[in-house]
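A quick write-up on the structure given underneath.
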Amino acid sequence: MARLTVRLTPEGRRELEEELARLVAELPTVSSRLSDARAGGNDPAENLDLRDAMDALALLEGRIGELRALLAAAEPIEQLATRDGLIRLGTRFKIRHADGEEASYMLVSPAEADPRRGRISEESPIGRALVGKKKNDQVTAETPSGPERVVVLDVA
(Lines give C-alpha, C1' and ligand atoms only; values in the text may rest on other atoms or scores of the structure.)
Protein backbone atom coordinates (compact mmCIF):
# COMPACT_ATOMS: atom_id res chain seq x y z
CA MET A 1 0.00 0.00 0.00
CA ALA A 2 1.30 3.46 -0.88
CA ARG A 3 2.16 5.73 2.01
CA LEU A 4 0.10 8.89 2.30
CA THR A 5 2.16 12.07 2.13
CA VAL A 6 0.78 15.31 3.49
CA ARG A 7 2.69 18.47 2.64
CA LEU A 8 2.52 21.09 5.38
CA THR A 9 3.87 24.57 5.84
CA PRO A 10 5.82 25.07 9.10
CA GLU A 11 2.91 27.16 10.40
CA GLY A 12 0.39 24.48 9.46
CA ARG A 13 2.44 21.77 11.17
CA ARG A 14 2.71 23.89 14.33
CA GLU A 15 -1.04 24.47 14.41
CA LEU A 16 -1.78 20.75 14.04
CA GLU A 17 0.74 19.93 16.79
CA GLU A 18 -0.89 22.52 19.07
CA GLU A 19 -4.35 21.11 18.38
CA LEU A 20 -3.08 17.59 19.12
CA ALA A 21 -1.54 18.69 22.42
CA ARG A 22 -4.77 20.48 23.41
CA LEU A 23 -6.91 17.44 22.59
CA VAL A 24 -4.59 15.02 24.41
CA ALA A 25 -4.81 17.31 27.45
CA GLU A 26 -8.64 17.04 27.26
CA LEU A 27 -8.60 13.23 27.39
CA PRO A 28 -8.53 12.93 31.21
CA THR A 29 -11.49 15.30 31.56
CA VAL A 30 -13.59 13.44 29.01
CA SER A 31 -12.58 10.07 30.48
CA SER A 32 -13.59 11.30 33.94
CA ARG A 33 -16.91 12.47 32.52
CA LEU A 34 -17.44 8.96 31.14
CA SER A 35 -16.64 7.38 34.49
CA ASP A 36 -19.06 9.72 36.27
CA ALA A 37 -21.78 8.96 33.71
CA ARG A 38 -21.42 5.21 34.33
CA ALA A 39 -22.76 5.83 37.85
CA GLY A 40 -26.16 6.37 36.23
CA GLY A 41 -26.14 2.93 34.65
CA ASN A 42 -24.19 1.13 31.91
CA ASP A 43 -26.94 1.03 29.29
CA PRO A 44 -26.45 3.93 26.83
CA ALA A 45 -30.07 3.53 25.69
CA GLU A 46 -31.26 4.48 29.17
CA ASN A 47 -28.42 6.75 30.30
CA LEU A 48 -28.16 9.82 28.05
CA ASP A 49 -25.17 11.18 29.98
CA LEU A 50 -23.32 7.94 29.32
CA ARG A 51 -24.16 8.04 25.62
CA ASP A 52 -23.05 11.69 25.38
CA ALA A 53 -19.79 10.95 27.21
CA MET A 54 -19.11 7.92 25.00
CA ASP A 55 -19.74 9.99 21.88
CA ALA A 56 -17.50 12.81 23.12
CA LEU A 57 -14.68 10.35 23.88
CA ALA A 58 -15.05 8.66 20.49
CA LEU A 59 -14.91 12.01 18.66
CA LEU A 60 -11.92 13.14 20.68
CA GLU A 61 -10.00 9.90 20.15
CA GLY A 62 -10.90 9.94 16.45
CA ARG A 63 -9.54 13.45 15.93
CA ILE A 64 -6.40 12.61 17.93
CA GLY A 65 -5.82 9.59 15.69
CA GLU A 66 -6.40 11.69 12.58
CA LEU A 67 -3.93 14.36 13.73
CA ARG A 68 -1.30 11.77 14.63
CA ALA A 69 -1.64 10.18 11.19
CA LEU A 70 -1.41 13.56 9.45
CA LEU A 71 1.68 14.55 11.39
CA ALA A 72 3.33 11.15 10.86
CA ALA A 73 2.80 11.52 7.11
CA ALA A 74 3.81 15.19 7.00
CA GLU A 75 6.44 16.37 4.59
CA PRO A 76 7.60 19.96 5.11
CA ILE A 77 7.38 22.61 2.45
CA GLU A 78 9.25 25.87 2.55
CA GLN A 79 7.48 29.19 2.77
CA LEU A 80 9.78 31.31 0.70
CA ALA A 81 9.11 34.05 -1.77
CA THR A 82 9.51 32.40 -5.14
CA ARG A 83 12.48 33.69 -7.06
CA ASP A 84 10.70 33.06 -10.34
CA GLY A 85 7.45 34.74 -9.21
CA LEU A 86 5.29 31.64 -9.81
CA ILE A 87 2.48 30.50 -7.55
CA ARG A 88 3.19 27.13 -5.98
CA LEU A 89 2.61 25.36 -2.68
CA GLY A 90 3.56 27.65 0.22
CA THR A 91 3.37 30.83 -1.90
CA ARG A 92 1.43 33.89 -0.79
CA PHE A 93 -0.36 35.81 -3.51
CA LYS A 94 -3.03 38.42 -4.11
CA ILE A 95 -5.83 38.11 -6.66
CA ARG A 96 -8.73 40.21 -7.92
CA HIS A 97 -12.02 38.49 -8.61
CA ALA A 98 -14.22 39.45 -11.56
CA ASP A 99 -16.45 41.49 -9.23
CA GLY A 100 -13.44 43.66 -8.31
CA GLU A 101 -12.95 42.18 -4.84
CA GLU A 102 -9.30 41.61 -3.94
CA ALA A 103 -8.09 38.83 -1.66
CA SER A 104 -4.75 37.56 -0.38
CA TYR A 105 -4.11 33.86 0.08
CA MET A 106 -1.46 31.25 0.63
CA LEU A 107 -1.56 28.09 -1.45
CA VAL A 108 -1.48 25.10 0.92
CA SER A 109 -2.25 21.39 0.96
CA PRO A 110 -5.83 20.28 1.69
CA ALA A 111 -4.77 19.34 5.25
CA GLU A 112 -4.36 22.99 6.22
CA ALA A 113 -6.76 24.73 3.83
CA ASP A 114 -9.01 27.33 5.44
CA PRO A 115 -10.22 30.03 3.02
CA ARG A 116 -11.55 32.19 5.87
CA ARG A 117 -7.97 32.43 7.13
CA GLY A 118 -6.51 33.11 3.69
CA ARG A 119 -5.37 29.55 2.91
CA ILE A 120 -6.64 27.81 -0.20
CA SER A 121 -5.95 24.26 -1.20
CA GLU A 122 -3.81 23.44 -4.18
CA GLU A 123 -6.54 20.91 -5.01
CA SER A 124 -9.40 23.46 -5.00
CA PRO A 125 -10.61 24.70 -8.39
CA ILE A 126 -9.05 28.14 -7.93
CA GLY A 127 -5.88 26.69 -6.40
CA ARG A 128 -5.42 24.28 -9.31
CA ALA A 129 -5.98 27.09 -11.81
CA LEU A 130 -3.39 29.33 -10.13
CA VAL A 131 -0.52 26.84 -9.81
CA GLY A 132 2.34 28.02 -12.02
CA LYS A 133 0.78 31.44 -12.70
CA LYS A 134 2.54 34.77 -12.15
CA LYS A 135 1.70 38.43 -11.60
CA ASN A 136 -0.76 39.84 -14.18
CA ASP A 137 -1.87 36.36 -15.35
CA GLN A 138 -5.62 35.94 -15.81
CA VAL A 139 -7.19 32.56 -15.14
CA THR A 140 -10.64 31.06 -15.19
CA ALA A 141 -11.36 28.37 -12.63
CA GLU A 142 -14.27 25.96 -13.02
CA THR A 143 -15.90 26.13 -9.58
CA PRO A 144 -19.06 24.35 -8.40
CA SER A 145 -20.94 27.64 -8.83
CA GLY A 146 -19.64 28.12 -12.36
CA PRO A 147 -16.56 29.67 -13.98
CA GLU A 148 -14.70 32.20 -11.86
CA ARG A 149 -12.24 34.57 -13.46
CA VAL A 150 -9.38 36.02 -11.40
CA VAL A 151 -6.31 38.16 -12.08
CA VAL A 152 -3.06 37.62 -10.17
CA LEU A 153 -2.07 40.97 -8.66
CA ASP A 154 1.03 39.92 -6.73
CA VAL A 155 3.09 36.85 -5.88
CA ALA A 156 5.29 36.89 -2.79
Flag for residue 37 being outside the structural domain of residue 110 (by TED's automatic domain parsing) and under 30 Å from residue 108 (Cβ atoms)
no
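Being loosely packed, with under 12 Cβ neighbours inside 10 Å and assigned to a loop (DSSP other than H, G, I, E, B) is the requirement here; does residue 46 meet it? Spell out how you get there, then give the answer.
On the way: loosely packed, with under 12 Cβ neighbours inside 10 Å: yes; assigned to a loop (DSSP other than H, G, I, E, B): yes.
When the stated conditions are applied, residue 46 passes them.
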Tell me, please, whether a residue that is charged (D, E, K, R) and part of a helix (DSSP H, G or I) can be found in region 80-101.
no
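Looking at region 129-145, which of the residues that are charged (D, E, K, R) and crowded, with 16+ Cβ neighbours inside 10 Å is farthest from residue 13 (Cα to Cα)?
Of all residues in region 129-145, those charged (D, E, K, R) come to 133-135, 137, 142.
With the extra rule that they be crowded, with 16+ Cβ neighbours inside 10 Å, the set shrinks to 133, 137.
Values: 133: 26, 137: 31 Å.
In this case the residue turns out to be 137.
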Of the residues in region 1-60, how many are of a type outside the set (A, V, I, L, M) and closer than 27 Å to residue 114 by Cβ?
17
Between 148, 112, which is closer than 19 Å to residue 15 by Cα, outside the structural domain of residue 15 (by TED's automatic domain parsing), of a type in the set (Asp, Glu) and surrounded by 15 or more Cβ atoms within 10 Å (Cβ to Cβ)?
112
In this structure, is residue 57 exposed (fewer than 12 other Cβ atoms within 10 Å of the Cβ), closer than 30 Å to residue 19 by Cβ and over 20 Å from the mean Cα position of the chain (by Cα)?
no
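Take the residues of region 1-31 that are of a type in the set (A, V, I, L, M) and assigned to a helix (DSSP H, G or I): which is nearest to residue 71 (Cα to Cα)? Walk me through it before giving the result.
Applying the first criterion (of a type in the set (A, V, I, L, M)) to region 1-31 yields 1-2, 4, 6, 8, 16, 20-21, 23-25, 27, 30.
Checking the rest, the ones that are also assigned to a helix (DSSP H, G or I) come to 16, 20-21, 23-25, 27, 30.
Details: 16: 8, 20: 10, 21: 12, 23: 14, 24: 14, 25: 18, 27: 19, 30: 23 Å.
Filtering first and then ranking leaves 16.
The values are calculated or read from the model by the stated rules, or taken from the named source; none is laboratory data. Computed from a predicted model, the values in this text were never measured in an experiment. Glycine gets a Cβ as well: all are built from the backbone with ideal geometry, and neighbour counts include every protein chain shown.
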